[in-house]
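The values are calculated or read from the model by the stated rules, or taken from the named source; none is laboratory data. Values in this document were obtained by computation on a predicted structure and should not be read as measured data. Neighbour counts run over all protein chains shown; Cβ positions are idealised from the backbone, glycine included. Just the protein is used for accessible areas: all its heavy atoms, side chains included, with ligands, DNA and RNA removed. Shrake-Rupley method; radii C 1.70, N 1.55, O 1.52, S 1.80 Å.
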Amino acid sequence: MPKSQTDSSLFVTQLYRARVARMDNAALAATAEAMAREDMAGRRWCRDHGYKGYTSYASLDDLPMRASIFEDLAKALLPHARIFARSLDWDMGGKALTLDSLWVNVMEKGSAHSGHIHPHSVISGTYYVQVPEGAAAIRFEDPRLPMMMAAPAKKLRAGRQNQTFVTVNPTPGTVLLWESYLRHEVLPNTSREKRISISFNYAMR
Ligand SMILES: [Fe+2]
């Protein structure tokens, strides 16, 4: 039987994963929960859109200016985004990564977020603040999926690099980064406790 001739992986989709040092997750969780109580416009948006829990995505766009803890987080995230951009070999053309938006997600039991991409940005990501046992995982989709007309299904035990959907369940203090075109979803939260995360987008300006 011929030996495998595969000697390279082309068009790789990178997922960046790292620990963010010295973030006060208890304070971040308390701030997020306070926002979930007090941001009436955000609460209304969540109710109207069937979001079980709270997101500031549609109501507040200046978190780093509102609370210094978000400013601290933004400062801590930027070096990670720069490392990721370097690993992607981007020609930045004199532009810099700029935090375009940052928002809080407080997911209650049964809460989910269906598949989506993050338009108008280059790097997107999530920092995980509170991830209780049974909390929702994030699932990434192979960006070539729309082109795979007759591609066979993958084996249940397919290697991670060959899976069409990849599920990740990060621990608190973890940041995940991906290119903003990468479709992802948050699966239903089965935990009674709240899953708290902070998502963000970087643009290049
Ligand atoms: Fe997202």
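Mind checking which pairs have a first residue in the range 167-189 that is at positive phi and part of a loop (DSSP other than H, G, I, E, B) and a second that is open to solvent by 40 Å² or more (accessible area, probe 1.4 Å) and hydrophobic (A, V, I, L, M, F, W, C), Cβ under 9 Å, 6 or more apart or different chains?
From the range 167-189, the pairs are GLY173/ALA21.
Condition first: assigned to a loop (DSSP other than H, G, I, E, B), of a type outside the set (Val, Ile, Thr), free of Cβ contacts under 8 Å to residues at least 12 places away in the same chain and more than 26 Å from ASP62 (Cβ to Cβ). Can you find one or more residues in the range 130-140 that meet it?
no
Please specify each residue of the range 60-87 satisfying the condition of being in a loop (DSSP other than H, G, I, E, B) and surrounded by fewer than 15 Cβ atoms within 10 Å (Cβ to Cβ).
Within the range 60-87, ASP61, ASP62 meet the criteria.
What are the residues in the range 35-54 that are under 20 Å from ALA135 (Cα atoms) and open to solvent by 30 Å² or more (accessible area, probe 1.4 Å), if any?
GLY50, TYR51, LYS52
Keeping to the range 19-34, report how many residues are surrounded by 15 or more Cβ atoms within 10 Å (Cβ to Cβ) and either of a type in the set (D, E, K, R) or over 20 Å from the mean Cα position of the chain (by Cα) (or both).
1
Among the residues of the range 170-205, which ones are of a type in the set (S, T, N, Q) and away from the ligand (no atom under 16 Å from the Cβ)?
THR171, THR190, SER191
May I ask you to say which residue of TYR57, TYR16 is within 28 Å of GLU133 (Cα to Cα), of a type in the set (Ser, Thr, Tyr) and open to solvent by 50 Å² or more (accessible area, probe 1.4 Å)?
Exactly one of TYR57, TYR16 is within 28 Å of GLU133 (Cα to Cα), of a type in the set (Ser, Thr, Tyr) and open to solvent by 50 Å² or more (accessible area, probe 1.4 Å), namely TYR57.
Give the number of residues within the range 115-130 that are more than 10 Å from the ligand (Cβ to nearest atom), farther than 23 Å from MET35 by Cα and open to solvent by 10 Å² or more (accessible area, probe 1.4 Å).
4
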